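The values are calculated or read from the model by the stated rules, or taken from the named source; none is laboratory data. It should be emphasised that the depicted structure is a prediction, and the values quoted were computed from it without experimental measurement. Don't worry about glycine lacking a Cβ; one is built from the backbone with ideal geometry, like all the others, and counts go over all protein chains shown. In case anyone asks, the SASA skips ligands and DNA or RNA and just uses the protein heavy atoms, side chains included. Shrake-Rupley method; radii C 1.70, N 1.55, O 1.52, S 1.80 Å.
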Amino acid sequence: MYFCKIFSVFLFLCNTLLLAQKVIIVCNYETKNGIANVTVFSDKYSYITDNNGLLELPKTLPSDSIYFSHVAYSKTSLLYKDIKDTVFLRPKNLITDEITITAKYTEQGFKQTIDINNVQKSNFATIGDLIKAESDLFIKDYGGVSGVKGVSLRGLSSENTVVLFNEARINDMRTGMFDFSLISPLAIDKIEIIKNNSIESSYFSAGGIVKLSSGFNAAENKILFGAKANSDFYRSVFFNIKQIYNNFNYSINFERGYSSNNYKYNFEGIELRRQNAFFSKSFLSADIEYRTSKNILNLYTHYSHLKNGIPGFVVNNNTSSSSAYNLSKMYFFVANNNYLLQNNWFILGNVSYNYQNLYLYDPLKQIFSNKTSQSSILHETSGFVKSRYNKNNFIIHLGYEFTYSNLKNEMPTENNIFLNINKTYNKLFINGSYSITSVPYSKEINFFVGFGYDFYKQNLLNTNKGNLFSYNTQAEIKPAILPSLRLLLSFSKLLRAPSFNEQFYSSLYNLKFLNNEYYEGYDFTIDYDKIAGTDINFTATYYNLISKDKIVWIPSRQALQTPKNYGHIRYTGVEVKIESSFFKNLINVNVLYNYNNALSKSKMFAGDNSFNKQLVYVPKERININTSINYKNITLNVYNSFTGERFYSSDNSYKNRLNQYYVCDASLSYFYQLLSFKHNISFSVFNIFNTDYFVIQSYPMPLRNYSITYIMEIL
Amino acid sequence: MKRHFYLTLIIFASLFFACSKDDQVTPPKDNPLTSKYQGVYIVNEGLYGQNNASLSFINITDNVVFNNIYEDANNSNSLGDTGNEMVIFGNKGYIAVDNSNKIEIINMDTFKSLGFIDLGGAGSPRDVVIVDSTLGYVTSLYNDKLVKFNPTTKQILKDIRVGGKPEAAVYANGKIYVTNSGFGNENTVSVVDIITDSEIAKLKVGLNPRFAHTADDGTVYVVCSGQYDATGRGGIYKIVNLTVTDSVIVNNNPGESCLTSNTQMIVANSFGLYKVNLSTMSIDSTPFVNAMDINPIFGVIYSLGFDKKNNNLYCGNPKDFQQNGEIVVLNLSGTEIKRYNVGINPGTIYVKQ
């Protein structure tokens, strides 16, 4: 708010001096923040605002009509002579301008939203790389573009984070986690990271929720072509079409990329090239949205074909330990329908279908002792119905979700003998929030409580059933004296069911089923926007979580690893985020600091030296400092990441530690408009200081490498 | 002078005629020069794929353990990934390092590396036999081979095809006996003649033969672990030359074992340590040491060694397989004497008398 006012004055002074052009800023009427990608046009010209909502408007006749258009805002037209330095656009409400939501809809919990712009799409090869740079989630990265990338929140394992794509859950049924190297940033427009269960979500997970959404963050129709190349022999071409009509929008996205991926790394003092890390991928997606006054229907589908080497660990005298590769075909479809039943009553329906055909080829029989391949075919159909009702200060969500999965998995020790597994998963949830506004000294107090009940049944070697009951409760206070301050306290009890692999191999080798993992904890957040009228946003969270029956893969005999419920862990820590902008959004700085204690709290036996020691691969400290400089058509992004030392033995012995490391990446983007084409060239350098580091022991990370991306938009 | 000549001739002749076919290749025996290396060596596997195998040494006389002796002597360089077996011959130690596809050779006086024998991709060395200074053999797990090499020049001399997933190798009677585990799917022992370097017999034993020992009288005992199912039916098989002469069934996946004499073996299964009478091929009905007393969390006895001089057993305790382990020292009555902290997953105990 203050930024727009101050900047308006500044613009006025500039305009009187410059005379030839009028520099304006287009802002959100409610938040007073600048709006990117607003199309500003007349019958003579057409321009779009930059990332900060700025635009140099050429001088024209005072009586000319100038139009301001953005898909998320009501269209506005003004005569040139009436245009001030700041133009405010009103956000469109959910359905139409005539129907407004009267209840207060508060956003419980702490959520980070990353709206992915073209610059970010071009800078990063995978969503995993983007999340690593832009958020405080820790990415367990096995190296290179095709290396597996799993998220870890607060020291928890990747299986604890629910990943949604357009509201459909996409965690792999077999492993329980999601590999963020599989999705290109080109297919995604927004990422939301929800650490506490909120009214928006029906999922209860200790590791939070990562929501990936494809949608329409562009204001106008466009056709986009691009190509990317990097110094590790990665080549990619892509195109994207977006067409926006009154009530109907669609988008098609295609990417073809391949690489030998022989990236350079250091090992035992010698510079080597990564072996068997090649990949070849094709990705095609389509997105359709249809809106009426009462209904929003969204359909999304994608097909991907991926062949990638499994590079294996790097150890002394064995730097190409694997010649195995994966061949996977994946098809995914999701339909969302958001229907306004009455003024205050929405129904959201979702149907999704996920097909995965995985083929693993292991010519040296290193993974499978007596065969060279393994195939696995997954069919998963899911659907849910959610109802949201709000009245006065109440909001209630009620929902039911059903998932049917069929997995045809070749036995690990036999050829052509398939295990046919069917799993049904039912979920019921209810949550509600209540706001109180007439409280002394407080602008608003919100209470939230949510309950979830899951019941599943699967036939492994024997029938396995389970049920989980989880709940979460939160209180949020907005003090009257500091309206932009929020205080949140959250408490939860959650369960995680073992994944298919965990349950199957436990029943196969340990002859018993695993228990659910149990989590219980609380966190407290201070969230302060625009501190004292500045552009500084501050968020700090303290969390304290305990887990029981954690599932750990432990070697038993003949190097065989089997999963077991094992021990209690306590996770405590602090997460701090500071965002600020300087010189009128010329420079934006994000600082993310995480301190994580993830300690084993059970002495499992006499002489257990893992008691009170940090979990393997969980760093105690991480700092990300990201800076972006936006000047006219140039954007410079610098990502600095520091990760503290980690241990890979449970007793944290000094010999078995990975050193702390600092990595700096930077990208420089330049865009210009020529006729009806917008051109964007980005040049990125990753690992500028050539840091030699491991995220996971024996999986080296790339040394310094470069990439260049060119994008052409047809406006 | 003539007397001395004839005496020499008689002595020489007696030596000549005393040689039999078996003595044409000298069996491995202790070299007096190596007596200073006496003690207990532990090859710690480390964590699979994490490049942190290590070597520990217990000085029995002084009751002191030394850990990371390879790294300390070699500029903090890692021994490699998944150390599996060790033998000492002369003043050199030969360590099979599985995932590093090498046999690391160290100077036993300084523990400094003398180089390594590279078995190449998927070489996966498991068990080493040194016959003499020019002749050694190692089982190559993923290649289904027994690899012949020269311990002095470090040259690979020959690959000899054996059965699937060969684990243990022992020398007896001029032959190498190789247990073909098949990862639980095979039940044979390949017998390789070291003159012809070829497999001359394949003897049928129980499922999953993983360990083997040679008694002083040349009898070979093979321990079969069986399938990892509810019964875990395995067994101990007695081989004399080219014949399986006797056996005894041992349930619950027997594995680690050691000879305490020509007539007694100690074998570990998931319940504990048992005494086996090798004369009658019978096993005690109850363990004299419970596995949970060694490893209270999983009941796993990960390795076994026997000190003949002091009649003590050395048992490897991997704890939870994710942290540094222990060696538990017991007497033959099963009484615990001491515990030593060693590296992660102490998989092999080599007692140098």
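Overview of results
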{"read-out": "Residue check, A:Asp692 under 25 Å from the mean Cα position of the chain (by Cα), surrounded by 15 or more Cβ atoms within 10 Å (Cβ to Cβ), away from every other protein chain (no Cβ under 14 Å) and acidic (Asp, Glu)", "value": "no"}
{"read-out": "Residue, most open to solvent (accessible area, probe 1.4 Å), within the stretch A:368-411, restricted to residues that are touching a residue at least 60 places away in the same chain (Cβ under 8 Å) and outside any strand (DSSP E or B)", "value": "A:Asn392"}
{"read-out": "B:Tyr228 vs. criteria part of a strand (DSSP E or B) and closer than 30 Å to A:Asp608 by Cβ", "value": "no"}
{"read-out": "Qualifying positions in the stretch A:643-681 - open to solvent by less than 60 Å² (accessible area, probe 1.4 Å), aromatic (Phe, Trp, Tyr), under 24 Å from A:Asp692 (Cα atoms) and away from chain B (no Cβ under 14 Å)", "value": "A:Tyr661"}
{"read-out": "Some residue of the stretch B:112-123 being outside any strand (DSSP E or B) and either in contact with a Lys or Arg (Cβ under 8 Å, 6 or more places away or on another chain) or crowded, with 21+ Cβ neighbours inside 10 Å (or both)", "value": "yes"}
{"read-out": "Condition met for B:Glu336 (out of contact with any Gly (no Cβ under 8 Å at 6 or more places or on another chain) and within 26 Å of A:Phe611 (Cβ to Cβ))", "value": "yes"}
{"read-out": "Which listed residue, of A:Tyr595, A:Tyr571, is in a strand (DSSP E or B), modelled with pLDDT of 95 or more, more than 10 Å from chain B (Cβ to nearest Cβ) and open to solvent by 20 Å² or more (accessible area, probe 1.4 Å)", "value": "A:Tyr595"}
{"read-out": "Unmet criterion (only one of (1) open to solvent by 30 Å² or more (accessible area, probe 1.4 Å); (2) more than 14 Å from chain A (Cβ to nearest Cβ); (3) in a strand (DSSP E or B)) for B:Val222", "value": "(1)"}
{"read-out": "Hey, B:Ser257 buried (at least 24 other Cβ atoms within 10 Å of the Cβ), out of contact with any helix residue (DSSP H, G or I) (no Cβ under 6 Å at 6 or more places or on another chain) and over 28 Å from A:Lys603 (Cβ atoms) or not", "value": "yes"}
{"read-out": "B:Glu199 touching a strand residue (DSSP E or B) at 6+ places or on another chain (Cβ under 6 Å), outside any strand (DSSP E or B) and either of a type in the set (Ser, Thr, Tyr) or open to solvent by 10 Å² or more (accessible area, probe 1.4 Å) (or both)", "value": "no"}
{"read-out": "One residue from A:Leu488, A:Leu482, A:Leu494 being away from every other protein chain (no Cβ under 14 Å), within 24 Å of A:Ser438 (Cβ to Cβ) and open to solvent by less than 10 Å² (accessible area, probe 1.4 Å)", "value": "A:Leu488"}
{"read-out": "Single condition A:Asn308 does not satisfy, out of (1) in contact with a Ser or Thr (Cβ under 8 Å, 6 or more places away or on another chain); (2) away from chain B (no Cβ under 14 Å); (3) closer than 26 Å to A:Phe686 by Cβ; (4) open to solvent by 30 Å² or more (accessible area, probe 1.4 Å)", "value": "(4)"}
{"read-out": "Residue match in the stretch B:279-298 (condition: within 21 Å of B:Glu167 (Cβ to Cβ) and either assigned to a strand (DSSP E or B) or touching a residue at least 40 places away in the same chain (Cβ under 8 Å) (or both))", "value": "no"}
{"read-out": "Subset of the stretch A:330-375 (residues that are closer than 26 Å to A:Ile421 by Cα and within 14 Å of another protein chain (Cβ to nearest Cβ))", "value": "A:Asp362, A:Lys365, A:Gln366, A:Ile367, A:Phe368, A:Ser369, A:Asn370, A:Lys371, A:Thr372"}
{"read-out": "Test: residue in the stretch B:278-291 that is of a type in the set (Gly, Ala, Ser), within 14 Å of chain A (Cβ to nearest Cβ) and on the phi > 0 side of the Ramachandran plot", "value": "no"}
{"read-out": "Where A:Asn28 falls short, out of the listed (1) of a type outside the set (Asp, Glu); (2) buried (at least 18 other Cβ atoms within 10 Å of the Cβ); (3) modelled with pLDDT of 75 or more; (4) out of contact with any Leu (no Cβ under 7 Å at 6 or more places or on another chain)", "value": "(4)"}
{"read-out": "Number of positions in the stretch B:181-192 that are open to solvent by less than 10 Å² (accessible area, probe 1.4 Å) and either more than 14 Å from chain A (Cβ to nearest Cβ) or of a type in the set (A, V, I, L, M) (or both)", "value": "4"}
{"read-out": "Considering residues of the stretch B:89-103 that are at the interface with chain A (Cβ under 9 Å from one of its Cβ atoms) and part of a strand (DSSP E or B) only, the residue surrounded by the most Cβ atoms within 10 Å (Cβ to Cβ)", "value": "B:Val97"}
{"read-out": "Some residue of the stretch A:441-454 being assigned to a strand (DSSP E or B), modelled with pLDDT under 80, over 26 Å from the mean Cα position of the chain (by Cα) and surrounded by 14 or more Cβ atoms within 10 Å (Cβ to Cβ)", "value": "yes"}
{"read-out": "Count of the stretch A:621-634 residues which are more than 19 Å from A:Val576 (Cα to Cα), touching an Asp or Glu at 6+ places or on another chain (Cβ under 9 Å) and part of a strand (DSSP E or B)", "value": "1"}
{"read-out": "Which listed residue, of B:Ser247, B:Ser270, is in contact (Cβ under 8 Å) with a residue 24 or more places away in the chain, more than 16 Å from the chain's Cα centre (by Cα) and within 14 Å of another protein chain (Cβ to nearest Cβ)", "value": "B:Ser270"}
{"read-out": "Count of the stretch B:169-180 residues which are within 14 Å of chain A (Cβ to nearest Cβ) and either at pLDDT below 95 or more than 15 Å from B:Asn208 (Cβ to Cβ) (or both)", "value": "0"}
{"read-out": "Of residues in the stretch B:126-166 being more than 14 Å from every other protein chain (Cβ to nearest Cβ) and among the aromatic types (Phe, Trp, Tyr), the one nearest to A:Gln366 (Cα to Cα)", "value": "B:Tyr137"}
{"read-out": "Residues being within 20 Å of the chain's Cα centre (by Cα) and part of a strand (DSSP E or B) - total across the stretch B:331-353", "value": "10"}
{"read-out": "Test: residue in the stretch B:319-326 that is under 21 Å from B:Gly232 (Cα atoms), open to solvent by less than 10 Å² (accessible area, probe 1.4 Å) and without any contact (Cβ under 8 Å) to a residue 40 or more places away in the chain", "value": "no"}
{"read-out": "Matching residues in the stretch A:501-530 - criterion: being in contact (Cβ under 8 Å) with a residue 24 or more places away in the chain, over 24 Å from the mean Cα position of the chain (by Cα) and farther than 24 Å from A:Ser602 by Cα", "value": "A:Asn501, A:Phe504, A:Tyr505, A:Ser507, A:Leu508, A:Tyr509, A:Lys530"}
